[in-house]
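Read through the structure below, which is laid out as structure tokens, and then see the notes.
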Amino acid sequence: MAKDSKLGQTAKILSFHPTGEYYYSKGLKAHHRRDLYKAKKYFERALELEPTEPMIACQLAITCTEIGEYSRSNNLLENVLHVLDPYMTECHYFLANNYAHLGMFKEAYRHASAYLDKEEDGEFCEDAEDLLDLIMFEADETEESLAHEDGLIFKQEEAREYLEAGNFQKAIEVLNETIKEHPDFWSAYNNLALAYFYLGKTEEAFNTLEEILAKSPGNLHALCNMVVFHYYQHSDEKVEELVKALAKVRPMLMEHRFKLGATFALIGKYAFAYKWLKQLQKLGFEGDGTFYYWLSMSAFHLGHERTALRAWKKVLEINPEKEGLEPWNDLNSAVNGFEHHLPSIIKRLGSEFIEERLFAIFLAKHSTQKEHVLMHPAFQKNPLFTSLEKEYAATVKEPGREKTQPAIDFANQTAEMLYHHFHPVQLPEAGLYLMWFSVFVEARKTNQKLTNPAGWAAALEYIWQRLRNERKSQPEIAEKHFISVSTLSKYVKLVNALLQ
């Protein structure tokens with residue numbers, strides 16, 4: 001052996017510690033390949049490692065814009081301007097673009113003007129001037145109309161939050177105000193119809209859609225909502241009639257093609273769904289996880305296994321937590337109730353609203369998919385769970401658990417009383433349970449004494465039936481729940497006060 005041989009020496013192990021620059025470089029390469037979701041992940045990791053680097057934050061913001069995450073992009077850009085680097089003026093131009101896409105023309109105008117004020121010969125000057133011209137044209141050339149548009153967007157966002165929280169009555173109030181102020185804003189009408197339908201006020205829901213179609217004949221979103229409502233009402237003849245009409249529609253806008261494809265997939269018309277969704281994919285449509293989910297679903301049911309698997313792979317790239325929720329899982333059908341529909345439970349567990357998450361935990365108790373739910377990260381290690389939810393989840397994992405907060409026992413007992421009368425939990429019934437958990441949360445906030453689950457359950461049912469225009473009498477409801485009419489009346493007042 002040569003005397004300078006180092007084979008006998010202890011090998012030195014070099015550790016590899018990737019830097020923000022390393023992930024930023026990988027993000028740029030992915031971005032150039034137009035693999036935007038992978039680029040976003042690299043830029044996010046780079047920003048975690050170097051949170052004060054404005055270039056990384058800016059590039060992440062640009063990528064978020066390209067995949068339609070305008071609000072996230074805006075937050076990043078505003079942070080660059082206000083915290084990281086106030087002289088990075090191009091952020092004003094990027095913000096202007098984002099706000100224009102969101103329809104918030106006043107903010108778009110402000111940022112485009114700010115960019116031109118600060119950069120007379122900047123890289124994006126011509127683009128910013130073109131954007132200003134477009135904004136003024138779209139906004140009818142007045143500052144007043146710009147403010148008007150901004151107010152409309154904020155109202156729409158407020159209504160959306162109420163809808164997602166299951167506070168359908170509040171959503172209805174906001175949407176009715178919006179329609180009164182903006183009688184041609186069809187999106188508000190469509191959302192109002194959804195709120196009515198979720199609340200079980202089907203007559204009002206259908207009347208709202210009829211009103212849209214009378215004022216805006218052929219409104220695609222209204223027609224799609226109409227067929228979905230009839231589908232949930234099991235009105236097969238009406239569904240087939242509307243499907244024949246929708247099958248003849250040839251929308252130009254990508255958004256409308258997606259709406260049509262997703263609607264067909266939801267009601268089980270997979271051939272029509274696949275036609276539109278596959279066409280969008282071929283055109284390079286950059287869809288979100290929902291787009292790939294419906295594409296995978298329709299492809300699978302038509303026997304296009306390769307497309308189904310590839311589309312599902314995209315779903316998992318965008319939403320890794322969806323693993324195990326493949327559309328070809330036969331048990332993933334909501335026909336027998338949301339309690340047996342794994343995707344519905346998982347989605348609710350990820351809601352930002354505690355009412356939705358409590359409802360999901362309750363659904364898990366009664367689910368044929370309980371084992372799958374219990375193994376899912378959204379149930380096991382949910383960062384959104386409060387201590388109350390963690391303990392409720394623990395009682396689902398370990399039935400008969402001794403140490404339980406009285407509030408959890410009470411919430412669960414009341415929900416169980418409702419479940420005795422209202423199961424399986426389908427779309428109309430979901431509104432009842434969301435109403436209960438919303439009332440429960442409010443009762444906790446106001447330190448309301450929580451006793452007599454039968455009284456609360458009866459009051460919830462009575463108010464829910466009235467909202468659905470199914471006006472059952474108090475003696476009828478009281479007898480059903482084995483309580484007195486005076487007790488029911490007492491709890492009806494309590495529930496109404498908490499719903500205000």
Discussion item. Among the residues of the range 64-74, are any out of contact with any Phe, Trp or Tyr (no Cβ under 9 Å at 6 or more places or on another chain) and modelled with pLDDT of 85 or more?
Written reply: yes
Discussion item. Residues to consider are L363, L374; find the one that is surrounded by 13 or more Cβ atoms within 10 Å (Cβ to Cβ), modelled with pLDDT under 90 and not charged (D, E, K, R).
Written reply: L374
Discussion item. Being surrounded by fewer than 18 Cβ atoms within 10 Å (Cβ to Cβ) and under 30 Å from the mean Cα position of the chain (by Cα): is that true of K445 here?
Written reply: yes
Item to complete: Collect the residues in the range 393-418 that are among the hydroxyl-bearing types (S, T, Y) and in contact with a Lys or Arg (Cβ under 9 Å, 6 or more places away or on another chain), keeping them in residue-number order.
Response: T395
Worksheet item: Could you say whether any residue in the range 184-201 is touching a residue at least 40 places away in the same chain (Cβ under 8 Å) and part of a loop (DSSP other than H, G, I, E, B)?
Response: yes
Discussion item. Kindly evaluate L349 against the criterion of being under 17 Å from the mean Cα position of the chain (by Cα), surrounded by fewer than 18 Cβ atoms within 10 Å (Cβ to Cβ) and at pLDDT 85 or above.
Written reply: no
Worksheet item: Of the residues that make up the range 410-421, is at least one open to solvent by less than 40 Å² (accessible area, probe 1.4 Å) and over 21 Å from K390 (Cβ atoms)?
Response: yes
Worksheet item: Among the numbered criteria (1) open to solvent by 40 Å² or more (accessible area, probe 1.4 Å); (2) in contact with a Phe, Trp or Tyr (Cβ under 6 Å, 6 or more places away or on another chain), which single criterion is violated by G431?
Response: (1)
Worksheet item: Taking interchain pairs and intrachain pairs at least six residues apart, which have beta carbon atoms under 9 angstrom, with the first residue in the range 415-432 and over 20 Å from Y392 (Cα atoms) and the second of a type in the set (V, I, T) and part of a helix (DSSP H, G or I)?
Response: P424/V335; Q426/V335; P428/T202
Worksheet entry | Any hit, the range 167-181, residues being open to solvent by 50 Å² or more (accessible area, probe 1.4 Å), within 27 Å of Y293 (Cβ to Cβ) and in a helix (DSSP H, G or I) | no
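The values are calculated or read from the model by the stated rules, or taken from the named source; none is laboratory data. Given the structure is predicted, the values throughout are model-derived calculations rather than measurements. Cβ: placed from backbone, ideal geometry, glycine included. Neighbour counts: every protein chain shown. The protein model used for the area step is the full one, side chains on, heavy atoms only, and it has no ligands, DNA or RNA in it. Shrake-Rupley method; radii C 1.70, N 1.55, O 1.52, S 1.80 Å.
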